[in-house]
Amino acid sequence: MAILGKIRERSLFLIIVIALALFSFVIGDVFTGGGFGGQSNSIGEVNGENISREEFIKLVDQIKAQNQNRGSQMQNVNAAWDNLLREKIYKIQLEKSGITVGEKDVWDEIVKQYSNSPEFKNEAGLFDEDKFKEFVAGIKDASQDDEQSKQAWINWRNYENNIKKSLELRTYNNLITAGLGATLKEGERHYIDNNTKLDLEYVYVPFTSISDSTLTVTDDEILAYAKKHPNDYKAEASRDISFVKFDIKATPEDEQVIKTNLQKLVNDSEEYNKAAKSNMTVIGFANTENVEDFFRDYKSDTPLNNNFVSKDKVNKSIADTIFNLNIGDVYGPYKDNNYFKLTKLIAVKQMPDSVKARHILIPYLGTTNDPSITQTEEQAKKMADSLLVIVKKDNSKFADLAKTLSSDKGSGAKGGDLDWFTYERMVPEFRDFSFENKTGEIGIVKSQFGFHIIEIQEQKNHQKSVQLATFSREIVPSEDTENAIFQKAETFTSQAAEGKTFEDLSKEQKLTIQPAIGLKAMDEVVSTLGNQRQIITWAFNKDTKLNEIKRFDVDNGYAVVKLTAKNEKGLNLGAAKAIIRTKLLNEKKSKIIKDKMMGNDLPSIAKNLNSTVQSSKAVSLGSPILPGAGRSEDLISTLVALPEGKLYKGVNSTNGVFSVKILKKDSPKPLENYTSSKNTVWNLNKSKSSRVYNALKKKTDIQDNRASFY
């Protein structure tokens with residue numbers, strides 16, 4: 001009470017402090033976040049065109065709706081961004097190309113997509129456009145009725161807009177494809193190049209003949225090469241981290257407590273009742289007559305399953321024991337995966353493993369979306385009872401009645417036949433009748449689909465089946481264990497911050513350091529930690545320093561994370577450094593080899609290189625294998641265009657350098673028609689049209705600020 005009094009005395013002071021804190025927070029956001037006319041509301045830019053946060057949020061919401069809220073927030077954000085970029089990039093190209101798509105084009109495409117929908121066909125089975133127009137008008141007219149109808153109209157408008165965009169892109173891509181066509185002359189050249197056969201003599205010196213250790217490629221040379229080819233080595237900003245994981249897992253002591261407490265539930269026990277001021281008997285699991293109440297009162301961590309099961313459906317390690325129990329016996333506690341369990345045998349029956357049956361389904365209002373079903377439950381029951389009387393008197397009428405009256409059209413067309421089905425396949429009411437009665441039995445059951453008149457036609461593989469009640473407790477760590485793991489992670493973090501190295505601490509505590517390399521600003525998955533957007537945000541925060549360490553709450557534990565590298569946007573070699581080094585080494589090796597390729601004939605060149613002259617006959621682009629050199633398409637594609645009889649020195653290939661002489665050039669016989677080859681070239685060109693978007697994107701000035709908001 002004294003503390004409350006002091007708070008009341010200082011209430012005005014507290015109000016002023018809180019107001020000042022809020023004011024400083026707002027002002028700080030204005031100056032640091034670009035408020036008062038800044039760019040804090042900009043998600044990004046495409047060729048200077050601003051993308052507002054409001055515009056982007058609407059797109060993200062559309063993606064969520066389309067995905068029915070499946071997928072993570074970042075997956076929806078990234079999908080919305082990709083769609084927006086594609087739209088903005090193509091918009092410029094569409095304007096340049098003069099491509100326009102009108103309302104009629106959109107309507108015609110929508111009609112085409114709905115033309116096979118049965119609900120819009122007339123009596124003659126043809127698509128009725130007027131009926132479809134009424135359907136669309138109905139969606140629009142109802143848009144003001146309620147929120148659901150409003151959303152339906154918004155979805156329709158989005159659908160129309162997507163159709164328009166799709167048509168625009170299709171038209172544009174068709175223009176690109178047409179521009180990538182092929183002529184008969186190109187077809188002829190393709191045919192000749194691919195079928196020309198060459199007899200060759202050559203001297204081949206692979207780059208591997210010169211050891212890498214004899215040459216030097218400096219970092220400056222690698223950087224200079226990358227700067228000459230900046231588009232090949234552009235990279236997004238990225239971060240590298242290392243982390244150790246502290247898993248919160250139940251200890252053996254925790255498991256023993258859970259097991260002991262579960263054991264106490266098996267038998268009756270005495271508990272003191274404060275209201276009655278006396279001991280009362282609490283009925284245990286073994287003696288309870290109402291298993292459902294027991295599960296509810298003691299809150300089992302797995303639900304009660306009343307299904308009968310055969311022996312092969314029970315955990316193999318306990319199946320023999322369970323099937324030898326008497327009704328009412330309890331087995332356990334036993335460990336099964338991450339649970340301790342008690343299993344009680346409730347009932348035993350001889351049941352088939354599969355049944356063949358047929359049915360007639362009579363629905364009523366509320367059991368189906370079919371608007372033609374208007375009869376009440378009472379009316380449907382009366383009809384089902386009448387049909388039962390008929391088929392019991394003469395079951396030869398069953399098939400015809402199913403064909404004409406069953407709302408299950410699939411089985412109805414086959415006289416109600418459902419063929420063979422297993423215990424798990426049918427809804428409980430249908431299943432219980434089919435498996436617990438005998439062959440030839442006919443009866444009615446009610447399910448969520450309506451009333452079923454069922455005839456059991458055949459049953460097979462009768463075997464002992466049991467009904468079990470399995471009460472469970474999940475194996476979870478205790479509060480003491482959770483606190484101990486938290487303290488361990490906290491201590492590790494503070495010691496690392498105070499100067500002990502991340503590596504030494506991990507070694508002392510036998511923890512495995514795991515790296516996560518090349519994390520991007522809009523990533524959310526961090527290696528084995530899964531979705532951890534918080535870690536990505538921290539790593540990219542401008543205030544987070546290199547080698548800084550922080551603890552994070554993650555699924556089932558804690559992660560202590562160290563920021564090990566900041567790679568900024570722009571020229572970023574990374575893994576490409578080794579590739580560039582190899583390329584530059586090969587260039588230097590090529591020069592050395594070419595300088596030694598002296599002589600006016602192959603034997604002289606071979607002698608100077610301490611090599612041999614090799615030969616190969618009938619080499620072509622279709623068969624480009626050269627002894628001692630392997631696949632050499634790059635060399636053959638060069639040689640097919642050159643005259644025979646000449647010596648060509650210092651010809652580069654992927655893996656080495658050639659000096660080569662074309663002894664004979666055997667061109668293929670001309671064709672009467674090169675249409676087939678022309679089509680081959682055309683198809684090859686068409687496949688390149690898929691690269692158009694990436695090429696356009698590469699040329700587009702894109703500024704991405706999403707990481708500041710998500």
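Each value in this text was obtained by applying a stated rule to the coordinates, not by laboratory testing. Being a predicted model, the structure only gives us computed values, none of them experimental. Ideal geometry is used to build each Cβ from the backbone, glycine not excepted, and the neighbour counts take in all protein chains shown.
How big is the shadow of the Cα convex hull of segment 253-350, averaged over all directions, in nm²?
About 7.6 nm², averaged over all directions.
Could I have the simple spin-label model distance between R533 and A695, label points 7 Å from Cα toward Cβ, reported in nm to one decimal?
3.7
As an exercise, identify the trypsin sites (Lys or Arg not before Pro) in segment 299-359 lying in DSSP coil whose Cβ has no more than 12 other Cβ atoms within 10 Å.
K299
What full-extension length gain, to one decimal in nm, is calculated for L325 and A275 as 0.36 nm per residue of separation minus the Cα-Cα distance?
14.1 nm
Report the one residue of F471, I248, T439 whose Cα lies farthest in the direction of the positive end of the charge dipole of the chain (charges on C-beta: Lys and Arg +1, Asp and Glu -1; origin at the Cα centre).
With unit charges placed on the Cβ atoms, the residue in question is I248.
How far apart, in nm, are the 7 Å Cα→Cβ label points at K150 and K646?
Inter-label distance under the simple model: 7.8 nm.
Taking neighbour counts of Cβ atoms within 10 Å as a proxy for exposure, in what order, fewest first, do E119, E129, E188 appear?
Fewest to most other Cβ atoms nearby, the residues stand as E119, E129, E188.
Across segment 103-179, how many lysine pairs separated by 8 or more positions, or lying on different chains, have Cα atoms within less than 20 Å?
Step by step, the pairs that qualify in segment 103-179 add up to 18.
Rounding to the nearest 20 debye, state how big the charge dipole of segment 253-350 is about its Cα centre with +1 on each Lys and Arg Cβ and -1 on each Asp and Glu Cβ.
The dipole of segment 253-350 has a size of about 180 debye.
Going through segment 631-697, which GluC sites (Glu not before Pro) have at most 11 other Cβ atoms within 10 Å and a DSSP loop state?
E672
Given a Förster distance of 25 angstrom, what is the FRET efficiency for E436 paired with K313, based on the Cβ-Cβ distance and rounded to 0.05?
On the way: r = 17 Å, r/R0 = 0.67.
Rounded to the nearest 0.05, the efficiency is 0.90.
I want to make sure I understand the PRE zone here: with the label point 7 angstrom from the Cα of N162 toward its beta carbon, which residues in segment 83-112 have backbone N atoms less than 14 Å away?
83-84, 110
Counting only residues 5 or more places away or on other chains, whose amide H sits under 5 Å from the amide H of G44 once H atoms are built in the peptide plane?
I51, N705
Which stretch or stretches of segment 313-334 have amide N atoms under 20 Å from the point lying 7 Å from V282's Cα along the Cα→Cβ direction?
Residues 330-334 fall inside that zone.
Taking the Cα centre of segment 71-208 as the origin, how large is its charge dipole in debye, to the nearest 20, when only Lys and Arg (+1) and Asp and Glu (-1) carry charge on their Cβ atoms?
On the way: 18 positive and 24 negative charges, 93 e Å.
The dipole of segment 71-208 has a size of about 440 debye.
Compute the signed sum of charges (Lys and Arg +1, Asp and Glu -1) over the other residues within less than 9 Å, Cβ to Cβ, of A226. It would help to have the intermediate numbers written out before the result.
Numbers: positive: K227, K228, K577; negative: D232.
That works out to +2.
Using only the Cα atoms of segment 354-460, what are the Rg and Dmax in Å?
Here Rg and the maximum Cα pair distance are 12.9, 39 Å.
How far is it, in nm, from the label point at L180 to the one at Q703 when both lie 7 Å from their Cα along the line to the Cβ?
That separation, rounded to one decimal, is 3.3 nm.
Which listed residue (F430, F294, S527) has the Cα farthest towards the positive end of the charge dipole for the chain, taking +1 on Lys and Arg C-beta and -1 on Asp and Glu C-beta about the Cα centre?
Of the options given, the answer is S527.
For E292 and K569, what does the FRET efficiency come to when R0 = 56 Å and r is the distance between their Cβ atoms, rounded to the nearest 0.05?
After rounding, the FRET efficiency stands at 0.35.
Can you compute 3J(HN,Hα) from phi for each residue in segment 143-155, using the Karplus curve 6.51 cos²θ - 1.76 cosθ + 1.60 with θ = phi - 60°, rounded to whole Hz and x for Gly and Pro?
With coefficients 6.51, -1.76 and 1.60, one gets 5, 9, 6, 7, 5, 5, 5, 4, 5, 4, 5, 4, 4 Hz.
In vacuo Debye scattering of the chain, one point per C-alpha: log10 I(q)/I(0) at q = 0.09 Å⁻¹?
Calculated log10 I(q)/I(0) at the listed q: -1.29.
Sequence-distant or interchain residues sharing an amide H contact under 5 Å with V525, placed H: which?
Q532
Work out the charge dipole of segment 103-179 with +1 on the Cβ of Lys and Arg and -1 on the Cβ of Asp and Glu about the Cα centre, then indicate which of N173, Q113, A152 is farthest towards its positive end.
Sorting the options by dipole projection puts first N173.
Taking neighbour counts of Cβ atoms within 10 Å as a proxy for exposure, in what order, fewest first, do V660, V106 appear?
Going from least to most buried by this count: V106, V660.
Residues with amide H under 5 Å of S354's amide H, sequence separation 5 or more or different chain, H placed in the peptide plane at 1.01 Å from N; which?
Hits under the 5 Å cutoff: K460.
About the Cα centre of the chain, what is the dipole size in debye to 20, counting +1 per Lys and Arg Cβ and -1 per Asp and Glu Cβ, all else neutral?
Computed charge dipole of the chain: roughly 2760 debye.
Just want the ordering: T367, T218, from fewest to most Cβ atoms lying within 10 Å of their own Cβ. Walk me through the numbers before you get to the answer.
Working: T367 19, T218 10.
Ordered from fewest to most neighbouring Cβ atoms within 10 Å, T367, T218 come out as T218, T367.
Taking only C-alpha pairs under 8 Å that are 6+ residues apart, what is the relative contact order of the chain in percent?
Relative CO of the chain lands at 24 percent.
What FRET efficiency comes out for the pair A576/S615, r = Cβ-Cβ distance, R0 = 30 Å, nearest 0.05?
0.20
Summing +1 for each Lys or Arg and -1 for each Asp or Glu, what net charge is found among the other residues whose Cβ lies under 14 Å from the Cβ of G450?
That sum, taken over residues with Cβ under 14 Å, equals -2.
Quick check on the chain: helices-only [θ] at 222 nm, where DSSP H runs of length 4 and up contribute -39,500 (n - 2.57) each and the sum goes over total residues. Nearest 500, please.
Mean residue ellipticity, 222 nm, calculated: -13500 deg cm²/dmol.
Local charge sum around N174 (other residues, Cβ-Cβ under 13 Å, Lys/Arg +1, Asp/Glu -1)?
Summing Lys and Arg as +1 and Asp and Glu as -1 gives +1.
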